[in-house]
Structure formats: structure tokens, C-alpha cells
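Participant: To start, I am sharing the structure in question, which I have written as C-alpha cells.
The values are calculated or read from the model by the stated rules, or taken from the named source; none is laboratory data. On a predicted model such as this, the values are computed, not experimentally measured, just so you know. Cβ coordinates were reconstructed from backbone atoms using ideal geometry, including for glycine residues, and neighbour counts include every protein chain displayed. Accessible surface areas use protein heavy atoms only, side chains included; no ligands, DNA or RNA. Shrake-Rupley method; radii C 1.70, N 1.55, O 1.52, S 1.80 Å.
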Amino acid sequence: MNDAVRAGEPDLSDARPQRESWRAALLNRRMLICVFTGFSSGLPLYLLINLLPAWLRSEGVDLATIGFFALIQLPYTWKFLWSPLVDRLVPPLLGRRRGWMLFTAVALLVAIPLFGAFQPQHDIRAIAMLATAVALFSASQDIVLDAYRRELLPDLELGLGNAIHVNAYRVASLVPGALALILADHLPWSSVYAITGLFMLPGIVLALVVAEPAAPAGEPQTLREAVIEPFREFIDRDGAFAALALLAFIFLYKLGDSMATALATPFYLDMGFSKTDIGLIAKNVGLWTSVVGGLLGGLWMVRIGINRALWLFGVVQVVSILGFAWLAWVARPDRWLLGFVIGFEALGVGLGTAAFTAFIARATDRRYTATQFALFTSLAAVPRTIVNASTGWIVEHIGWFAFFLLCTALALPGMALLLRVAPWRAQSPELGSSRREA
């Protein structure tokens with residue numbers, strides 16, 4: 001480990017990534033912490049998008065009502081609105097970051113089992129209100145965990161640390177998306193939600209055992225500063241044009257890939273694949289290949305840096321979209337082709353997401369990590385929550401093959417913006433000041 005990092009001094013080694021071994025970067029306490037942040041962050045979201053709809057449908061709730069529940073994801077898009085409170089207000093226990101981590105994890109531990117106290121046929125409004133509360137607690141937890149992770153990791157480890165976080169985030173989906181559904185065949189729903197809620201305990205343990213990051217010099221002293229200064233610093237850093245270019249890149253880099261996978265399951269069904277094919281091939285191959293891709297991407301970034309990773313992994317991400325076009329062109333249920341296309345696309349997603357998340361973390365100023373990180377991730381979520389709503393209409397008018405070619409074309413502007421925001425030969429900047437070990 002770099003002596004400067006151990007001593008709490010700025011880590012300037014990001015410009016010399018080849019000097020850090022993969023093993024030293026992977027086998028340290030910070031990477032273990034990233035496992036916990038990812039798992040705690042992913043569990044409540046996948047409960048809302050996987051377990052909750054399954055519960056409602058199994059209890060006879062109509063599809064129109066279940067579809068309405070998709071709106072409960074809006075707090076994840078608008079979380080930047082209250083993120084200044086996380087930067088400014090300090091809970092009475094454990095400090096600014098750990099205090100908010102403990103509060104949100106405990107709130108989720110209490111709220112999740114409450115679903116089991118309601119009957120969907122009679123208490124749908126109460127369930128909607130509870131789901132909204134869980135989404136708010138979960139989005140708030142994301143704010144503080146993202147900020148803590150940014151303050152914890154040296155710039156050299158941003159790629160690997162965020163890759164591990166994202167992978168643990170995906171693995172967390174197995175609890176509400178698989179384990180809870182299996183338990184629901186043998187236990188009452190009240191017990192299922194109680195057991196699922198217990199998986200928030202690692203988040204509580206995390207808040208209790210880690211160290212509070214050292215407060216950066218110049219952090220906001222008033223709520224007004226916490227609201228205004230993050231945006232002023234972002235615009236003044238390199239000028240308004242550079243700020244707009246960065247925001248455009250965050251919006252566009254994963255736009256094509258996000259649109260291409262928005263209707264993945266209906267696409268597989270239209271190509272003639274059975275639900276069993278989709279379950280065994282699409283879900284399993286996709287999950288574990290993306291996990292492997294994310295881990296490999298994080299390890300490679302230790303050597304090549306974030307900028308070059310964005311270029312190389314972005315190319316894989318763009319080319320992988322063409323695999324769907326290939327599948328649409330063949331237009332028959334070839335299981336081997338399906339596995340290859342999904343595996344390659346998931347690999348591209350894993351690689352691209354690892355680099356993209358690390359880039360977002362690096363783009364934040366450590367004085368305003370919660371607010372700026374929330375702003376950037378909210379913008380990155382817009383294609384998933386808003387733009388993707390148009391994909392069904394587009395497919396109906398131009399067909400699947402042309403649709404995937406369009407998605408490929410829409411991925412290119414984000415790649416072109418790399419010339420501005422992450423030049424190949426540029427060294428990774430060091431934005432913050434001191435940090436200490438957790």
C-alpha cells in the first residue's frame with residue numbers, strides 16, 4: 001500500500017497505475033467494505049422491483065396497479081434534491097457519514113418487514129405508501145454510501161472499489177429475486193419479508209465498525225453552502241462548457257446499452273425462446289458474466305487507469321449491442337447464440353459500468369461528495385427511468401433489427417465525448433485532499 005495513503009496524505013499514484021499490483025489493490029480492507037456497501041445498497045432496490053411485484057401478482061392484484069408501482073423508483077432519480085442535507089447535517093451518533101449509514105439501514109430493517117402486515121387486496125394504498133418510504137430510505141442510503149465510498153478509496157482504487165460495489169449490488173438481487181421467492185412457496189409472506197429485512201443487518205454492522213472519514217477542508221458550514229457550493233464548484237472547475245460536456249457524457253455514455261436491454265425479455269419471447277430458456281440462459285448467464293466483467297474491469301483499471309478503461313470498455317459495450325441485432329437478424333430460437341449474445345453483452349455492461357462508476361466518483365469534489373455524486377448518478381438514471389419508456393413505441397414502428405442498430409448509433413455520441421472528458425493520454429486528476437484508512 002502506498003505510504004502516502006497510509007499516512008493520510010494525497011495519493012498521487014493514479015498517474016502511475018502500473019506500479020500497483022492487482023493483489024495489493026484487491027486484498028485490502030477497503031475492498032471488503034465495498035462488498036458491504038454494494039450489498040446493502042442493492043437489496044432494497046431489488047426488493048421493490050422484483051419481490052414486491054411478485055407478491056402483488058400472487059395475491060391477485062391487477063397488472064395495471066402493479067405497473068403503477070414502477071413510479072416508486074422516482075426517489076432514485078430525484079435524490080440529488082435532498083443530498084445537500086446529507087452533506088451538511090450530522091446525526092447525533094457516529095458522525096456525518098456513519099450516522100446516516102446507521103439511520104438509513106435501521107430504517108430499512110424496520111420498514112421492510114412491515115409489508116407482511118398488509119393484505120394487497122385490501123391495503124394497496126398503505127402498501128404504496130410503505131413502498132415509497134422504503135424507496136426514500138434506500139435512495140438516501142445510496143447517497144451516503146456513494147459519498148463514503150468516494151472518501152474511502154484512493155483515486156487509484158476507484159475503478160476496482162466501485163466494480164466490487166456494483167458486483168455486490170447485483171449479487172444482492174439474489175435475495176429478493178430468488179431466495180425470497182423460493183421461501184414464499186413454503187412460508188407466509190410475513191415471514192418472507194421478515195427474513196428479507198434481516199439482510200439489512202450487514203449494513204448496520206458496517207456503520208458500527210468502519211471509521212468515519214476525515215472531514216475535508218472547506219466542507220460546507222451552512223445549509224445554504226451545502227446547496228449552492230457543489231453546483232458552483234462544478235461549473236467553476238473548468239468552465240460552463242466543460243461542465244455541460246461532462247453532464248452530456250454522463251447522460252449519453254450508457255444510453256444505447258440501456259435502451260437495448262430495456263425490452264430484453266419481450267425481445268427473447270418474440271424470437272421464439274421459451275420462458276425456461278430465458279430463465280436458465282438469460283438470467284444466469286447475464287448476471288454472472290456481468291459480475292466477472294465488472295471484477296475484471298476493476299482489476300484492469302488498476303493498471304490502465306480510468307480514462308483508457310472508458311475507451312476500451314466502451315468499445316466492448318457498443319459492439320455488444322450489435323449482438324442483439326445479430327439475434328434479431330437470425331430470428332430463430334438458437335440457444336447457443338442466445339447464450340453468446342447475452343454473455344458478451346453482460347461482459348460489456350460489467351466492464352463499462354465499472355469504468356463509468358469510477359469516472360463519476362472521480363468527477364466529484366470531496367467537499368461535496370454526497371450532493372455531486374447524487375446529481376451525477378441521478379442524471380445517469382434518466383435513460384433507464386424516462387428515455388426507455390419510448391422503446392416499445394420505437395420497436396413497433398421500425399422492428400427489432402433496426403431498433404438495435406439505432407441503439408448502437410445512440411451509443412456513439414457518448415464515446416465521442418471521451419475526447420473531451422477523458423482523453424486517452426491524459427493523467428487522472430486528483431481532486432481531493434487527505435483521506436484516512438477505514
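Participant: Rounded, prolate or oblate: which fits the range 112-257 when a ≥ b ≥ c are the square roots of the eigenvalues of the alpha-carbon gyration tensor, with rounded for a/c under 1.5 and prolate only if a/b beats b/c?
Facilitator: Working: a/c = 1.99, a/b = 1.90, b/c = 1.05.
Cα axes put the range 112-257 in the prolate bin.
Participant: To continue, here is another question. What would the Debye equation give as log₁₀ I(q)/I(0) for the range 316-398 at q = 0.15, 0.21, 0.25, 0.26 Å⁻¹, counting only Cα atoms as equal point scatterers?
Facilitator: Normalising to I(0) and taking log10 leaves -0.75, -1.06, -1.17, -1.19.
Participant: Taking a virtual spin label 7 Å from the Cα of VAL292 along the C-beta vector, which residues in the range 335-377 bring their backbone nitrogen under 11 Å of it?
Facilitator: So the set is 343-344, 347.
Participant: So what are the range 146-217's ellipsoid semi-axes, whole angstrom, largest first, if each one is the square root of 5 times an eigenvalue of the alpha-carbon gyration tensor? List each step's numbers first, then the result.
Facilitator: On the way: eigenvalues 215, 47, 9 Å².
With the √(5λ) rule applied to the range 146-217, the semi-axes are 33, 15, 7 Å.
Participant: If I model a spin label at ASP236 and ALA331 as a point 7 Å from the Cα along the Cα→Cβ vector, what separation in nanometres do I get?
Facilitator: About 6.0 nm, to one decimal.
Participant: Hey, quick one: spin label on SER390, modelled 7 Å out along Cα-Cβ, who in the range 246-266 has an amide N within reach, i.e. under 18 Å?
Facilitator: Taking a point 7 Å out along Cα→Cβ of SER390, the residues of the range 246-266 whose backbone N falls under 18 Å are 248-263.
Participant: At a threshold of 8 angstrom on Cα-Cα distance, excluding pairs fewer than six apart, so keeping six or more, what relative contact order does the range 52-123 reach in percent? List each step's numbers first, then the result.
Facilitator: Working: 23 pairs, mean separation 22.5, N = 72.
Reported as a whole number, the value is 31 percent.
Participant: Next question. Using a basic spin-label model with each label point 7 Å from the Cα along Cα→Cβ, how many nm lie between HIS397 and ARG125?
Facilitator: According to this spin-label approximation, the distance is 3.9 nm.
Participant: While we're on this one: How much accessible surface area, in Å² rounded to 10, belongs to the heavy atoms of LYS79 with a 1.4 Å probe?
Facilitator: In the full protein context, LYS79 sits at about 10 Å².
Participant: Provide the solvent-accessible area of HIS397, counting protein heavy atoms only and rolling a 1.4 Å probe, rounded to the nearest 10 Å².
Facilitator: Near enough 120 Å² of accessible area.
Participant: Then there's this: Give me the percent relative contact order of the range 47-183, please, defined on Cα pairs under 8 angstrom at least 6 residues apart. Spell out each step's value before the answer.
Facilitator: Values: 84 pairs, mean separation 46.0, N = 137.
Averaging sequence separation for qualifying contacts and normalising by length gives 34 percent for the range 47-183.
Participant: Across the range 195-200, in residue order, what do the Karplus-derived ³J(HN,Hα) couplings come to in whole Hz, using 6.51 cos²θ - 1.76 cosθ + 1.60 with θ = phi - 60° and x for Gly and Pro?
Facilitator: 5, 4, x, 5, 6, 7
Participant: With θ set to phi - 60°, apply the Karplus curve 6.51 cos²θ - 1.76 cosθ + 1.60 along the range 121-133 and write out the HN-Hα couplings as whole Hz, x wherever there is a Gly or Pro.
Facilitator: Per-residue couplings from phi come out as 5, 10, 10, 5, 5, 5, 5, 4, 5, 5, 4, 5, 5 Hz.
Participant: Long-range amide H contacts for LEU417: which residues qualify at under 5 Å (H placed 1.01 Å from N, peptide plane, sequence gap of 5 or more or a different chain)?
Facilitator: Amide H to amide H, under 5 Å and 5 or more residues apart or across chains, LEU417 pairs with nothing.
Participant: Can you list the HN-Hα couplings for the range 157-169, worked out from phi with the Karplus curve (6.51, -1.76, 1.60; θ = phi - 60°), rounded to whole Hz and with x for Gly and Pro?
Facilitator: Per-residue couplings from phi come out as 9, 4, x, 5, x, 6, 5, 5, 4, 5, 5, 5, 4 Hz.
Participant: Kindly state, to the nearest 0.05, the FRET efficiency for SER190 paired with ARG425, given R0 = 60 Å and r defined as their beta-carbon distance. Don't skip to the end; give the middle numbers.
Facilitator: On the way: r = 59 Å, r/R0 = 0.98.
Computed FRET efficiency for SER190 and ARG425: 0.55.
Participant: Ok, one more. In a shell of Cβ-Cβ distance under 12 Å around GLY38, excluding GLY38 itself, what net charge do Lys and Arg (+1) and Asp and Glu (-1) give? The partial results should precede the final answer.
Facilitator: Values: positive: ARG149, ARG170; negative: ASP142, ASP146.
Summing Lys and Arg as +1 and Asp and Glu as -1 gives 0.
Participant: Using only alpha carbon pairs under 8 Å that are at least six residues apart, calculate the relative contact order of the range 219-368 and give it in whole percent. Intermediate values should be presented prior to the final figure.
Facilitator: Details: 129 pairs, mean separation 51.7, N = 150.
Result for the range 219-368 is 34 percent.
Participant: Also, quick follow-up: How much accessible surface does VAL315 have with a 1.4 Å probe, in Å² rounded to 10?
Facilitator: That residue has around 80 Å² of solvent-accessible surface.
Participant: Let me ask something else. Hey, any idea what Rg/Rh is for the range 249-318, computing Rh the Kirkwood way over Cα pairs? Could you put the intermediate results ahead of the total?
Facilitator: Working: Rg = 14.9 Å, Rh = 14.0 Å.
Reported Rg/Rh, Kirkwood definition of Rh: 1.07.
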